Amino acid sequence: MSKGCHGNTGTSASGESRHTPLVAAGGREVVVDLEASAHPWNIGAGFRPLEGWSYNGVTPGPVIEARQGDTLVVRLTNRLDEPTTIHWHGLRLPAPMDGTQDAQPTVAPGEQFEYRFALPDAGTFWYHPHTNETVQLERGLYGVLVVRGPDEPVVDRDRVLVFDDVRLDRSGAIAAPGGLMEKHNGRMGNVRLLNGRVNPTIDIAAGQVERWRLVNVSSARYVNFSLSGLSFQIVGSDGGLIESPVHATEVRIAPADRVDIVAGPFIRGQVVEIQSLRSAGVGSRRPSTYGTVHVGPTRPSVADVPKRLRTIVPLAPIDAEPTREVTLFGFPSLKRGWDFMVNGECHHRGEPVRVGDLQVWDIVNKTPMDHPFHLHGFFFQVLSVNGRPPAYRSWEDTVDVPPLARVRIAWLPDDRPGSWMAHCHILEHHAAGMMMHFDVVRSS
Ligand code: C2O
Ligand code: CU
């Protein structure tokens, strides 16, 4: 697992332009200091403050905002009692900046590490540790990174809504890691959180049209997002805007997934619940409330959401021949409870991938449960799910693979060689081995 192509700390300024030729030069430098430390986490009235871990004392951590083409510089200081790293989920960055143990030595308590990379894409991304994730994320170490492009739809307000859950024990503290059930299903919290709080109130003026960036950072819980049944427009996914807004009353957000929506206008006095609906899958059995929207006096709107947002050129036809099969499987283990595997092995090491060679991967789920499949560092397009094309074209870094399904994805490795990985983003499955390492290599 610790074997990697990059033993260096990767902070040299010359690295990015070499590995990320996709960015026009001349962007700003956005410098952020992030300190990971323990802090009391107040999730709401009636709850004991939790023993939280956070970035800069808040959960979610600070929203990092930048423009496409900027360079992000993050100075991480680790004030925890255990090592950590930051993975930049969804970003097309150079391999040594990926924040995994393949990419860098972990940052020991008291140590610092500087992440520095260009931001080639606009979209809603997030950051979280890639060390002891099942514990560090549950305790509240996560945050959102918003990158804006030159042609964003005009809205009255842009908000980030982070969905999480946390498992509390009888005393109201974060529960110790659970048993077999938790190892199998992933950790399901018994308290739902929106932006780190229990059922917060969101105030919005009547008549306003807002962009909401929905991010699911839960260990294992799917969110079947609904706004008390009101309709909204889906405008973006993991890799930024989709081609045209899609009207919906419900959208499924797998762990680690992002969906950008346009919500509103609402009517004065309206009270709308941000809910997760009943689901047949791993999600909640009953509708549950994450937050409540209160609609106040009317304000004029300047929103302008065009019918056409972007063009996404298909990478491959729907019936493209797969170049690789990636099977997901789980098996009871006497020693560990459950082993979760890719292609028959825990922590699978896959064949290298060549820069410029189109990848068509069939992700085959051999289990009766959903797995959110996440590819580090590169966006893919979903070509088909059980042979059928998805409802709209998009760039993704995480896709739900339904029970026993076959999901065909296509992606193009651009010139960022190094050690990369893909895994199930149910954190307990990832920890139990449902992941693969592979190298991206230059053709000689
Ligand atoms: Cu957000 Cu390897 O993960
Ligand atoms: Cu899984």
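Restricted to the stretch 320-354, and to residues there that are touching a Leu at 6+ places or on another chain (Cβ under 9 Å) and either of a type in the set (A, V, I, L, M, F, W, C) or free of Cβ contacts under 8 Å to residues at least 24 places away in the same chain (or both), the residue that is most open to solvent (accessible area, probe 1.4 Å) is PRO332.
Cβ-Cβ contacts under 8 Å between residues 6 or more apart (or on different chains), taken from a first residue in the stretch 68-81 that is within 12 Å of ALA36 (Cβ to Cβ) to a second residue that is of a type in the set (Gly, Ala, Ser) and open to solvent by less than 10 Å² (accessible area, probe 1.4 Å), are listed as LEU76/ALA36; THR77/ALA36; ASN78/ALA36; ARG79/ALA36; LEU80/ALA36. If the condition is being aliphatic (A, V, I, L, M) and open to solvent by less than 10 Å² (accessible area, probe 1.4 Å), then the stretch 35-69 contributes ALA36, ILE43, LEU50, ILE64, ALA66. Is it the case that the stretch 32-44 has a residue that's at pLDDT below 50 and on the phi > 0 side of the Ramachandran plot? Looking for residues that are at pLDDT below 50 and on the phi > 0 side of the Ramachandran plot, one finds none in the stretch 32-44, hence no. Taken together, the residues in the stretch 90-113 that are within 17 Å of LEU375 (Cβ to Cβ) and not hydroxyl-bearing (Ser, Thr, Tyr) amount to 11. Note on the stretch 158-209: residues that are farther than 12 Å from TYR290 by Cβ, open to solvent by less than 20 Å² (accessible area, probe 1.4 Å) and within 21 Å of the chain's Cα centre (by Cα) amount to 3. Testing VAL441 on (1) under 29 Å from ASN185 (Cβ atoms); (2) among the aliphatic types (A, V, I, L, M); (3) more than 16 Å from ligand 2 (Cβ to nearest atom), one condition comes back false. Which one is that? All conditions pass for VAL441, except number (1).
For the stretch 418-444, give me the residue count where each residue is among the acidic types (Asp, Glu) and surrounded by 21 or more Cβ atoms within 10 Å (Cβ to Cβ).
As a first pass, look at the stretch 418-444 and keep what is among the acidic types (Asp, Glu): 428, 439.
Pick out the ones that are also surrounded by 21 or more Cβ atoms within 10 Å (Cβ to Cβ) and you get 428.
Of the residues in the stretch 418-444, 1 are among the acidic types (Asp, Glu) and surrounded by 21 or more Cβ atoms within 10 Å (Cβ to Cβ).
Of the candidates SER226, SER244, SER219, the single residue that is part of a strand (DSSP E or B) and out of contact with any strand residue (DSSP E or B) (no Cβ under 6 Å at 6 or more places or on another chain) is SER244.
Restricting THR327, THR292, THR298, THR311 to residues that are under 28 Å from ASP121 (Cα atoms) and hydroxyl-bearing (Ser, Thr, Tyr) narrows the list to THR311.
For the stretch 222-256, a residue qualifies if it is open to solvent by 20 Å² or more (accessible area, probe 1.4 Å) and within 16 Å of ligand 2 (Cβ to nearest atom), and exactly one does: ARG252. Taken over the stretch 395-431, the criterion of being more than 14 Å from ligand 1 (Cβ to nearest atom), in contact with a Lys or Arg (Cβ under 9 Å, 6 or more places away or on another chain) and either on the phi < 0 side of the Ramachandran plot or of a type in the set (S, T, N, Q) (or both) is satisfied by ASP400, PRO413, ASP414, ASP415, ARG416, PRO417. Within the stretch 356-394, the set of residues being more than 16 Å from ligand 1 (Cβ to nearest atom), of a type in the set (A, V, I, L, M, F, W, C) and closer than 21 Å to ASP121 by Cβ comprises LEU358, TRP361, VAL382, LEU383. Summed over the stretch 388-417, the residues that are crowded, with 23+ Cβ neighbours inside 10 Å, aliphatic (A, V, I, L, M) and more than 17 Å from ALA320 (Cα to Cα) give a count of 2.
Out of curiosity, is ARG310 charged (D, E, K, R) and open to solvent by less than 80 Å² (accessible area, probe 1.4 Å)?
For ARG310, the condition - charged (D, E, K, R) and open to solvent by less than 80 Å² (accessible area, probe 1.4 Å) - is met.
Within this structure, ASP370 fails the test of being under 24 Å from the mean Cα position of the chain (by Cα), open to solvent by less than 50 Å² (accessible area, probe 1.4 Å), among the acidic types (Asp, Glu) and over 21 Å from HIS89 (Cα atoms).
Within the stretch 96-123, the set of residues being within 13 Å of ligand 1 (Cβ to nearest atom) and open to solvent by less than 20 Å² (accessible area, probe 1.4 Å) comprises ASP98, GLY99, THR100, ASP102, ALA103.
The values are calculated or read from the model by the stated rules, or taken from the named source; none is laboratory data. Source: prediction; values computed, not measured. Glycine gets a Cβ as well: all are built from the backbone with ideal geometry, and neighbour counts include every protein chain shown. Remember, those area values only see protein heavy atoms, side chains included, never the ligands or the DNA or RNA. Shrake-Rupley method; radii C 1.70, N 1.55, O 1.52, S 1.80 Å.
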